[in-house]
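Enquirer: Sending over a structure as C-alpha coordinates; questions will come in a sec.
The values are calculated or read from the model by the stated rules, or taken from the named source; none is laboratory data. Note that the structure is a prediction, hence the values are computed from the model and not measured. Positions of Cβ are generated from backbone atoms using ideal geometry, with glycine treated the same way; all protein chains shown enter the neighbour counts. Areas reflect the complete protein model, heavy atoms only, side chains present, ligands, DNA and RNA absent. Shrake-Rupley method; radii C 1.70, N 1.55, O 1.52, S 1.80 Å.
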Amino acid sequence: MINTIDLSGTRISFDEHGLPGSGPAIVLLPGWCHDHRYYDRLVQHLAPRHRVIRVDWRGHGPDRTPVAEFGLTEQAADTIALLDHLDVTHCVPLAHAHGGWVALEMAELLGPQRVPQVMIADLIMTELPPDFALGLQAMTRPETWSLAREELGQAWLAGSDSAQVNHHILHEAGGFGFDMWSRSSRVIQSAYDTWGSPMARMEQLTHSRPVRHVFSHPKAAEYDTLHREFSDRNPWFSYTRLPGETHFPALELPEQVAAELNGFLGTATDPPV
(Lines give C-alpha, C1' and ligand atoms only; values in the text may rest on other atoms or scores of the structure.)
Protein backbone atom coordinates (compact mmCIF):
# COMPACT_ATOMS: atom_id res chain seq x y z
CA MET A 1 0.00 0.00 0.00
CA ILE A 2 1.30 3.43 -0.90
CA ASN A 3 1.85 5.74 2.06
CA THR A 4 1.90 9.55 2.02
CA ILE A 5 3.59 11.54 4.78
CA ASP A 6 4.39 15.18 5.41
CA LEU A 7 8.09 15.97 5.57
CA SER A 8 8.66 19.60 6.53
CA GLY A 9 5.56 20.68 4.63
CA THR A 10 6.14 18.48 1.57
CA ARG A 11 3.91 15.48 0.86
CA ILE A 12 5.97 12.45 -0.19
CA SER A 13 4.53 9.07 -1.14
CA PHE A 14 6.41 5.78 -0.77
CA ASP A 15 6.00 2.12 0.05
CA GLU A 16 8.15 -0.64 1.52
CA HIS A 17 8.60 -4.31 0.70
CA GLY A 18 10.73 -7.12 2.03
CA LEU A 19 12.29 -7.30 5.47
CA PRO A 20 14.94 -5.10 7.10
CA GLY A 21 18.22 -6.95 7.33
CA SER A 22 21.92 -6.40 7.70
CA GLY A 23 22.41 -5.25 4.10
CA PRO A 24 21.65 -1.85 2.61
CA ALA A 25 18.09 -0.92 1.77
CA ILE A 26 17.38 -0.70 -1.95
CA VAL A 27 15.83 2.67 -2.79
CA LEU A 28 14.01 2.66 -6.12
CA LEU A 29 13.98 6.09 -7.77
CA PRO A 30 11.80 6.60 -10.87
CA GLY A 31 12.44 8.94 -13.74
CA TRP A 32 10.56 12.21 -14.13
CA CYS A 33 6.84 11.79 -14.86
CA HIS A 34 6.92 8.18 -13.69
CA ASP A 35 5.83 6.88 -10.30
CA HIS A 36 6.39 3.86 -8.06
CA ARG A 37 4.32 1.63 -10.35
CA TYR A 38 7.20 1.54 -12.82
CA TYR A 39 8.88 -0.85 -10.37
CA ASP A 40 5.90 -3.19 -9.84
CA ARG A 41 7.57 -6.14 -11.57
CA LEU A 42 11.08 -5.54 -10.22
CA VAL A 43 9.92 -5.44 -6.58
CA GLN A 44 8.79 -9.07 -6.83
CA HIS A 45 12.37 -10.13 -7.54
CA LEU A 46 14.05 -7.89 -4.95
CA ALA A 47 11.78 -8.18 -1.90
CA PRO A 48 12.74 -11.76 -0.95
CA ARG A 49 16.35 -10.65 -0.35
CA HIS A 50 16.21 -6.93 0.45
CA ARG A 51 14.37 -4.15 2.17
CA VAL A 52 12.98 -2.24 -0.80
CA ILE A 53 11.67 1.35 -0.65
CA ARG A 54 9.89 2.88 -3.64
CA VAL A 55 9.80 6.68 -3.72
CA ASP A 56 7.49 9.05 -5.58
CA TRP A 57 8.84 12.54 -6.24
CA ARG A 58 6.78 15.43 -4.89
CA GLY A 59 3.74 15.93 -7.10
CA HIS A 60 4.13 12.37 -8.45
CA GLY A 61 2.16 10.44 -5.81
CA PRO A 62 -1.55 9.64 -5.71
CA ASP A 63 -2.27 13.33 -5.09
CA ARG A 64 -1.41 15.10 -8.34
CA THR A 65 -2.25 18.60 -7.13
CA PRO A 66 0.25 20.98 -8.83
CA VAL A 67 3.22 21.81 -6.65
CA ALA A 68 5.69 24.69 -6.58
CA GLU A 69 8.84 24.58 -8.70
CA PHE A 70 11.42 21.98 -7.63
CA GLY A 71 14.44 20.22 -9.05
CA LEU A 72 17.33 17.91 -8.22
CA THR A 73 18.15 19.65 -4.95
CA GLU A 74 14.62 19.16 -3.64
CA GLN A 75 14.34 15.60 -4.97
CA ALA A 76 17.53 14.59 -3.15
CA ALA A 77 16.51 16.42 0.03
CA ASP A 78 13.05 14.82 0.02
CA THR A 79 14.51 11.34 -0.41
CA ILE A 80 17.09 11.85 2.33
CA ALA A 81 14.38 13.18 4.68
CA LEU A 82 12.31 10.06 3.97
CA LEU A 83 15.30 7.78 4.65
CA ASP A 84 15.92 9.61 7.94
CA HIS A 85 12.24 9.20 8.84
CA LEU A 86 12.47 5.45 8.14
CA ASP A 87 15.77 5.09 10.07
CA VAL A 88 17.63 3.87 6.99
CA THR A 89 21.31 3.94 7.93
CA HIS A 90 22.72 2.82 4.57
CA CYS A 91 21.17 2.29 1.17
CA VAL A 92 21.85 1.64 -2.49
CA PRO A 93 19.82 3.78 -4.88
CA LEU A 94 18.63 2.09 -8.06
CA ALA A 95 17.49 4.88 -10.33
CA HIS A 96 15.78 4.88 -13.68
CA ALA A 97 16.84 7.39 -16.37
CA HIS A 98 17.08 10.95 -15.06
CA GLY A 99 16.39 9.76 -11.55
CA GLY A 100 20.09 8.90 -11.81
CA TRP A 101 21.02 12.55 -11.33
CA VAL A 102 19.25 12.40 -7.95
CA ALA A 103 21.03 9.17 -6.99
CA LEU A 104 24.40 10.82 -7.67
CA GLU A 105 23.39 13.90 -5.69
CA MET A 106 22.41 11.66 -2.77
CA ALA A 107 25.75 9.89 -3.02
CA GLU A 108 27.55 13.24 -2.83
CA LEU A 109 25.52 14.49 0.13
CA LEU A 110 25.49 11.30 2.20
CA GLY A 111 28.98 9.95 1.48
CA PRO A 112 30.15 6.39 0.79
CA GLN A 113 29.44 5.07 4.26
CA ARG A 114 25.71 5.70 3.92
CA VAL A 115 25.48 5.27 0.12
CA PRO A 116 28.18 2.67 -0.62
CA GLN A 117 27.05 1.95 -4.20
CA VAL A 118 24.83 3.41 -6.92
CA MET A 119 23.08 1.65 -9.78
CA ILE A 120 21.48 3.50 -12.69
CA ALA A 121 19.36 2.07 -15.51
CA ASP A 122 19.14 3.59 -18.99
CA LEU A 123 20.35 7.16 -18.44
CA ILE A 124 21.85 9.07 -21.40
CA MET A 125 25.52 9.04 -20.38
CA THR A 126 26.80 11.30 -23.15
CA GLU A 127 26.47 15.04 -23.35
CA LEU A 128 22.91 16.04 -24.21
CA PRO A 129 22.12 14.75 -27.73
CA PRO A 130 20.86 17.52 -30.04
CA ASP A 131 17.61 15.72 -30.93
CA PHE A 132 16.79 15.13 -27.27
CA ALA A 133 17.61 18.76 -26.48
CA LEU A 134 15.09 19.86 -29.13
CA GLY A 135 12.49 17.55 -27.60
CA LEU A 136 13.10 19.03 -24.15
CA GLN A 137 12.67 22.53 -25.53
CA ALA A 138 9.42 21.51 -27.25
CA MET A 139 8.06 20.12 -23.97
CA THR A 140 8.47 23.51 -22.29
CA ARG A 141 5.99 25.13 -24.71
CA PRO A 142 2.22 24.68 -24.23
CA GLU A 143 1.59 24.45 -27.98
CA THR A 144 4.15 21.68 -28.64
CA TRP A 145 4.55 19.70 -25.42
CA SER A 146 1.94 17.02 -26.13
CA LEU A 147 3.37 16.07 -29.52
CA ALA A 148 6.91 16.11 -28.12
CA ARG A 149 5.85 13.78 -25.31
CA GLU A 150 4.24 11.42 -27.81
CA GLU A 151 7.39 11.34 -29.93
CA LEU A 152 9.46 10.67 -26.83
CA GLY A 153 7.19 7.77 -25.92
CA GLN A 154 7.63 6.27 -29.37
CA ALA A 155 11.40 6.57 -29.04
CA TRP A 156 11.21 4.83 -25.66
CA LEU A 157 9.24 1.95 -27.16
CA ALA A 158 11.57 1.57 -30.16
CA GLY A 159 8.94 -0.45 -32.00
CA SER A 160 8.25 -2.84 -29.12
CA ASP A 161 4.72 -4.13 -28.53
CA SER A 162 5.40 -4.94 -24.86
CA ALA A 163 2.06 -4.84 -23.05
CA GLN A 164 3.65 -3.82 -19.75
CA VAL A 165 5.59 -0.94 -21.26
CA ASN A 166 2.65 0.30 -23.35
CA HIS A 167 0.39 0.27 -20.31
CA HIS A 168 2.95 2.21 -18.31
CA ILE A 169 3.41 4.88 -20.97
CA LEU A 170 -0.32 5.33 -21.66
CA HIS A 171 -1.87 4.96 -18.23
CA GLU A 172 0.85 5.74 -15.68
CA ALA A 173 3.39 8.12 -17.23
CA GLY A 174 0.50 9.39 -19.34
CA GLY A 175 -1.22 10.70 -16.21
CA PHE A 176 1.08 13.73 -15.95
CA GLY A 177 0.31 17.00 -17.69
CA PHE A 178 2.16 19.98 -19.08
CA ASP A 179 3.13 21.32 -15.65
CA MET A 180 5.26 18.31 -14.73
CA TRP A 181 6.57 17.47 -18.19
CA SER A 182 7.75 21.03 -18.78
CA ARG A 183 9.36 21.13 -15.34
CA SER A 184 11.15 17.85 -16.00
CA SER A 185 12.53 19.23 -19.25
CA ARG A 186 13.91 22.33 -17.54
CA VAL A 187 15.55 20.31 -14.76
CA ILE A 188 17.06 17.73 -17.11
CA GLN A 189 18.44 20.45 -19.39
CA SER A 190 19.90 22.22 -16.34
CA ALA A 191 21.62 19.03 -15.14
CA TYR A 192 23.41 18.57 -18.47
CA ASP A 193 24.27 22.27 -18.61
CA THR A 194 25.77 22.07 -15.10
CA TRP A 195 27.69 18.80 -15.30
CA GLY A 196 28.13 18.12 -19.01
CA SER A 197 27.14 14.48 -18.70
CA PRO A 198 26.33 11.91 -16.00
CA MET A 199 29.78 10.40 -16.45
CA ALA A 200 31.38 13.78 -15.81
CA ARG A 201 29.19 14.12 -12.72
CA MET A 202 30.41 10.75 -11.43
CA GLU A 203 34.03 11.76 -11.85
CA GLN A 204 33.39 14.89 -9.79
CA LEU A 205 31.97 13.09 -6.76
CA THR A 206 34.00 13.96 -3.68
CA HIS A 207 34.33 10.26 -2.81
CA SER A 208 34.25 7.55 -5.44
CA ARG A 209 32.34 4.35 -4.87
CA PRO A 210 31.12 1.51 -7.12
CA VAL A 211 28.66 2.72 -9.76
CA ARG A 212 27.01 0.48 -12.34
CA HIS A 213 25.00 1.46 -15.41
CA VAL A 214 22.69 -1.09 -17.06
CA PHE A 215 21.06 -0.12 -20.34
CA SER A 216 19.51 -1.24 -23.60
CA HIS A 217 19.61 2.12 -25.45
CA PRO A 218 21.02 3.42 -27.68
CA LYS A 219 21.98 0.40 -29.73
CA ALA A 220 25.22 1.84 -31.08
CA ALA A 221 28.77 0.47 -30.95
CA GLU A 222 30.18 3.88 -30.03
CA TYR A 223 27.99 3.94 -26.90
CA ASP A 224 29.58 0.68 -25.73
CA THR A 225 33.00 2.11 -26.53
CA LEU A 226 32.21 5.17 -24.40
CA HIS A 227 31.35 2.90 -21.45
CA ARG A 228 34.41 0.70 -21.91
CA GLU A 229 36.79 3.66 -22.05
CA PHE A 230 35.14 5.29 -19.02
CA SER A 231 35.44 2.04 -17.08
CA ASP A 232 39.11 1.73 -18.05
CA ARG A 233 39.76 5.20 -16.62
CA ASN A 234 37.61 4.63 -13.53
CA PRO A 235 37.84 1.13 -12.01
CA TRP A 236 34.88 1.86 -9.72
CA PHE A 237 32.56 2.02 -12.76
CA SER A 238 30.99 -1.01 -14.42
CA TYR A 239 28.24 -1.52 -16.96
CA THR A 240 26.07 -4.11 -18.66
CA ARG A 241 24.28 -3.84 -21.98
CA LEU A 242 20.89 -5.50 -21.54
CA PRO A 243 19.10 -7.37 -24.36
CA GLY A 244 15.99 -5.23 -24.09
CA GLU A 245 14.00 -3.43 -26.75
CA THR A 246 12.74 -0.47 -24.73
CA HIS A 247 13.89 2.26 -22.38
CA PHE A 248 12.22 0.49 -19.42
CA PRO A 249 14.35 -2.44 -18.25
CA ALA A 250 12.66 -2.77 -14.84
CA LEU A 251 9.38 -3.44 -16.65
CA GLU A 252 10.72 -5.38 -19.60
CA LEU A 253 13.54 -7.37 -17.95
CA PRO A 254 12.89 -7.29 -14.17
CA GLU A 255 14.58 -10.62 -13.44
CA GLN A 256 17.74 -9.56 -15.25
CA VAL A 257 17.82 -6.14 -13.57
CA ALA A 258 17.44 -7.84 -10.18
CA ALA A 259 20.27 -10.24 -11.05
CA GLU A 260 22.47 -7.30 -12.08
CA LEU A 261 21.80 -5.58 -8.77
CA ASN A 262 22.43 -8.69 -6.70
CA GLY A 263 25.66 -9.37 -8.58
CA PHE A 264 26.72 -5.76 -8.14
CA LEU A 265 26.11 -5.90 -4.40
CA GLY A 266 27.99 -9.17 -4.13
CA THR A 267 31.10 -7.98 -5.96
CA ALA A 268 31.43 -4.50 -4.49
CA THR A 269 34.43 -3.73 -2.33
CA ASP A 270 34.34 -1.75 0.87
CA PRO A 271 33.86 1.96 0.18
CA PRO A 272 36.82 4.27 0.64
CA VAL A 273 37.08 6.21 3.89
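Enquirer: With θ set to phi - 60°, apply the Karplus curve 6.51 cos²θ - 1.76 cosθ + 1.60 along the range 83-88 and write out the HN-Hα couplings as whole Hz, x wherever there is a Gly or Pro.
Expert: With the stated coefficients, the range 83-88 comes to 4, 4, 4, 8, 6, 8 Hz.
Enquirer: If Lys and Arg each add +1 and Asp and Glu each add -1, what is the summed charge of the other residues whose beta carbon sits under 12 Å from the beta carbon of Ile80?
Expert: Around Ile80, the charge tally is -4.
Enquirer: Check which residues have an amide H placed less than 5 Å from Ala95's amide H, if you skip close sequence neighbours.
Expert: Residues meeting the amide H criterion: Leu29, Met119, Ile120, Ala121.
Enquirer: Could you state the principal axis extents of the C-alpha atoms in the range 64-142, from the largest down, to the nearest angstrom?
Expert: Computed over the Cα atoms, the extents are 41, 33, 17 Å.
Enquirer: Residue by residue, what Karplus-based ³J(HN,Hα) values in Hz, rounded to whole numbers, does the range 221-235 have, using 6.51, -1.76 and 1.60 with θ = phi - 60° and x for Gly and Pro?
Expert: 4, 5, 6, 5, 4, 4, 5, 5, 5, 5, 5, 4, 6, 10, x
Enquirer: Ok, one more. From zero up to wherever the largest Cα-Cα distance of the range 109-230 sits, split into 10 Å bins and tell me the percent of pairs in each.
Expert: Result, from short to long distances: 11, 35, 36, 18, 1 percent.
Enquirer: Another question about this same structure. GluC sites (Glu not before Pro), restricted to the range 1-79: which are DSSP loop and have at most 16 other Cβ atoms within 10 Å?
Expert: Taking the range 1-79 and a limit of 16 other Cβ atoms within 10 Å, the loop GluC sites (Glu not before Pro) found are Glu69.
Enquirer: Also: How big is the equivalent ellipsoid of the chain along its three axes, where each semi-axis is √(5λ) from the Cα gyration tensor, reported in whole Å from largest to smallest?
Expert: For the chain, the ellipsoid semi-axes come out as 25, 23, 19 Å.
Enquirer: Compute the relative contact order of the range 180-273 as a whole-number percentage, counting only Cα pairs closer than 8 Å that sit 6 or more residues apart in sequence.
Expert: Relative contact order here is 30 percent.
Enquirer: Send over a whole-number figure in Å² for the accessible area per residue of the chain, probe 1.4 Å.
Expert: Dividing the accessible area of the chain by its residue count gives 43 Å².
Enquirer: Give me the Å³ per residue figure for the convex hull around the C-alpha atoms of the range 144-200.
Expert: 99 Å³
Enquirer: Continuing with this model, one more query. In square nanometres, what is the average projected area of the Cα convex hull of the range 4-78?
Expert: Spelled out: convex hull of the Cα atoms, projected over all directions, averaged, 5.4 nm².
Enquirer: Can you pull out the GluC sites (Glu not before Pro) in the range 134-169 that DSSP calls coil and that have at most 10 other Cβ atoms within 10 Å?
Expert: Passing sites in the range 134-169 are Glu143.
Enquirer: With only alpha-carbon pairs counted, each pair once and no self-pairs, how large is the Kirkwood hydrodynamic radius of the range 193-248 in angstroms?
Expert: This gives a value of 12.3 Å.
Enquirer: Next question. In Å, the Kirkwood hydrodynamic radius of the range 171-273 over pairs of distinct alpha carbons?
Expert: Result for the range 171-273, one decimal place: 16.0 Å.
Enquirer: Leaving out ligands, DNA and RNA, what percent of the accessible area of the chain is carbon and sulfur, probe 1.4 Å?
Expert: Here it works out to 52 percent.
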